[in-house]
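Note sheet for the following structure.
Every read-out reported here was derived from the displayed coordinates using simple, explicitly stated rules and does not represent laboratory data. Computed from a predicted structure; not experimentally measured. Heads up, the Cβs are rebuilt from the backbone with ideal geometry, glycines too, and the neighbour counts pull from every protein chain shown.
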Amino acid sequence: MNGQIFGVSLGPGDPELITLKALNTLNAVEVIFCPGTKSSDGNVKSRSMNILRQLPVDTAKVRLFQVPMSRQREEALAAYDRLCAEILSLIATGKSVAVTAEGDACFYSSANYMYEKLRQSGCPVKMIAGVPAFIAAGASVGLHVVKQQERLLVVPGDVLVEELLETVVSKRTLVIMKVPLGEAVLRPFVARHPELQYDYFEQVGTPDEFYTSDVETILACTFTYFSILVIRPGINKN
Ligand code: SAH
């Protein structure tokens, strides 16, 4: 695998939810790039690194890179540009490299820009699939996310009232990622529609995991970035 680049999905947080293929790849490459973010206390926090530490992987070959918060798009792109240059220089010397991503690396992954840039530079990234957080969330409480003829819509936070209302009149299930981004629309909607089924998850597969399906409890939550809200038609509408 000399000179190859892999986009390795780590799964949503529970280290056991990494695939065998991803684990084998991490152990085969020479350098593992792992994203982190700088918190207000100046320390770099990395959920990916937390997962790697719990796996039989040599963390000495891990290089943490900082990704500015998602809203600072230009800074984030500049960080990815620097990282691409570093990766390209490594593979030019025949080294093999993995870039990790939480959940599935091809599902709303912020590293997508970088994978595309590497591809455009003539170095395609071989992607290794993983368990996306919303699938792990469903499994964690035995929720059959969609069944029979039901349809599923996944929204990256900025949910529209129309999309929410569609859930009321159809058998559609809505998965809302990045819940705080839709907070202004979601809170009043949830309060107005207690007849729907809500499943709210935080930090699935980690020690900070939290789950509730109770409307009052959901409304009392301070929504965190690593959260998912699943909205389904009410039981009597199924
Ligand atoms: N590639 C990831 C998604 C990254 S986008 C995947 O396949 O799941 C980031 C969003 O994913 C978060 O805002 C949150 O909605 C969701 N997410 C990721 N990990 C999570 C976890 N452990 N628990 C709950 N939500 C999570």
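Which value in nm describes the separation of the simple spin-label points at Ala129 and Arg63, placed 7 Å from the Cα toward the beta carbon?
Using points 7 Å along Cα→Cβ, the separation is 3.0 nm.
Scanning the chain for helices, which whole DSSP H stretches are 27 Å or more long along the axis (Cα) and average 0.5 or more by Kyte-Doolittle?
Helices meeting the span and hydropathy rule in the chain are 73-92.
Considering only Ala220, Ala78, Ala92, give the residue with the highest GNM mean-square fluctuation for the chain, with springs between Cα atoms whenever their separation is below 10 Å.
Of Ala220, Ala78, Ala92, the Gaussian network model singles out Ala220 as fluctuating most.
Could you check the simple spin-label distance between Ser170 and Glu116, using points 7 Å along Cα→Cβ, in nm with one decimal?
Going by the 7 Å Cα→Cβ label model, 2.6 nm.
Using a basic spin-label model with each label point 7 Å from the Cα along Cα→Cβ, how many nm lie between Asn27 and Asp158?
Here the modelled spin labels are 4.3 nm apart.
Check the chain and count each lysine pair with an alpha-carbon distance under 16 angstrom, considering only pairs eight or more places apart or from different chains.
So the count works out to 7.
For Glu183, project a label point 7 Å along Cα to C-beta. Then give me every residue of region 193-210 with its amide nitrogen under 18 Å of that point.
Counting backbone N atoms under 18 Å from the label point, the list is 200-203, 210.
By the gyration tensor of its Cα atoms, with a ≥ b ≥ c the square roots of the eigenvalues, what is the shape of the chain: rounded for a/c under 1.5, prolate for a/b over b/c, or oblate?
Since a/c reaches 1.5 and a/b is larger than b/c, the shape of the chain is classed as prolate.
Name the residue from Gly182, Leu152, Thr217 whose Cα lies farthest towards the positive end of the charge dipole of the chain, charges +1 on Cβ of Lys and Arg and -1 on Cβ of Asp and Glu.
About the Cα centre, the residue reaching furthest to the positive side is Leu152.
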